[in-house]
Every structure is written in C-alpha cells, then in structure tokens.
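What follows is one structure encoded as structure tokens, with my remarks underneath.
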Amino acid sequence: MKQDTVIKNKDNIDGQEKVDSKDILRILEKQEGRGGLIAILEEIQAEYGYLPEKSLRIVSDKTGRSLVDIYGVATFYRSFSLKPRGKHLICACLGTACHVRGAPRVVEELERQLGIEAGQTTADKEFTLETANCLGACALGPVVVIDGHYFSKVRKSRVSQLLDGAVKGFDKTEIGKDKRIFPLDVSCPHCNHALKDETF
C-alpha cells in the first residue's frame, strides 16, 4: 500500500469492527449491475484493510447472496483477509524452489526481527507476515513480497534492509536500479481485470 493510504481499521486495536454502513452501501452502489462479488470485496478490503464481518453481512443483505457464499469467496482467494492486517504486508514464498534456496531461514529471520510468527500481525499493526506455497517466480527464489514489490534472491542478511525499506517507503529510483526487485503485473485473461491492487 502507498504510505499515504489511510485504512480505516487502524483504530481497531481492541478488535471491535468500526464499519460505516454508508461506505459499504457506496461500494455496492458503485458496483451495481456489474455482478462482481470479487470486485465488491476488493473495494471493501481496500477501504478497511480486511473484510469485517459486519461488511459481509451488509453485502449479503443488500445483494441477496447468502452469507455462506460470500464467506466461500472471501476464504477461497488468498488476497482476502477476514482479520485486520498490518500497514505493511509481507509474504514469503515457501514453495519447493524457494525452500531449497533457503526460504525457511529467511522466514525465521523475518519472524525473529518482527517478533511474530507467520500468519500474525505485529502489536503496533505495522507488519503482517504471511507465507505462500508459490508466488510464481521460482527461478528467482527465495522470493519475498512486501507491499506488492517482489524481492528476489533474498538472504537472511538482507531482511533488516527490506524491513527498513518498507517503513521508509521503497523509492522508485531505488527499485529501478535493483534488478532483484521487480513489479509483477497480473490480470485476468478473460476480462483483463488487474489482479494486483493499483495502489502498490
């Protein structure tokens, strides 16, 4: 996410959802007639940083879709989260190619420096650490994705630098010079809908 992106769940430290039904209704109105539940969920997540239960109930009520179906979609796609994430999302690949090149050591170092385990968010809501079975860049492993930026051939010794970069913001010129950092543009082959958040 961009550094200036404001996510409404940042005051959600006590775990209580602060969902404004007007925001959800605005999103539903904008998506009306398009029939795309995924697009609705993407917008809600962009607004709140995750999919609050209250928002899913409103979507169910207003669209006539069952809550079970909505949860099915929300839990099927890895990009959706049902719990608040940190300001910076880190995803480390543990697929076979990355694993044999040292990804478990990179994940251990991320966990050590962040003070959390994979699947958790730091207490200050700054970082969420996740792992994936494959990020589709096997030849470049170990791969770590931070806020949509893919970092290749990551070593344990580089973790501190990556975390500092996430907090300070990855400079576009810095990214352009470092050939181990690359953008990944992914879109649906049928409708050309971008599958990556454009705010990255």
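The values are calculated or read from the model by the stated rules, or taken from the named source; none is laboratory data. Remember, predicted model here, so these are calculated numbers, not experimental data. A quick note on method: Cβ atoms are made from the backbone with ideal geometry, for glycine too, and the neighbour counts reach across all protein chains shown.
Structural remarks
- The criterion of at least 1 residues that are not assigned by TED's automatic domain parsing to the domain that holds residue 162 is met, among helices (runs of 4 or more DSSP H) falling completely within segment 61-122, by 67-76.
- Qualifying residue in segment 63-78 (condition: modelled with pLDDT under 85 and closer than 30 Å to residue 137 by Cα): yes
- Restricting attention to segment 1-20, the residues being surrounded by 13 or more Cβ atoms within 10 Å (Cβ to Cβ) and either among the aliphatic types (A, V, I, L, M) or at pLDDT 80 or above (or both) number 3.
- Single unsatisfied condition, residue 59 versus (1) without any contact (Cβ under 8 Å) to a residue 24 or more places away in the chain; (2) at negative phi; (3) of a type outside the set (Ser, Thr, Tyr): (1)
- Criterion: surrounded by 15 or more Cβ atoms within 10 Å (Cβ to Cβ), at pLDDT 80 or above and touching a His at 6+ places or on another chain (Cβ under 9 Å) - qualifying residue of 38, 27, 44: 38
- Residue check for residue 129: within 15 Å of the chain's Cα centre (by Cα) and farther than 30 Å from residue 22 by Cβ: yes
- Residue, surrounded by the most Cβ atoms within 10 Å (Cβ to Cβ), within segment 115-132, restricted to residues that are over 18 Å from residue 169 (Cβ atoms) and touching a residue at least 40 places away in the same chain (Cβ under 8 Å): 131
- The one condition from (1) within 16 Å of residue 160 (Cα to Cα); (2) in a helix (DSSP H, G or I); (3) of a type outside the set (Val, Ile, Thr); (4) touching a strand residue (DSSP E or B) at 6+ places or on another chain (Cβ under 9 Å) that residue 129 does not meet is (2).
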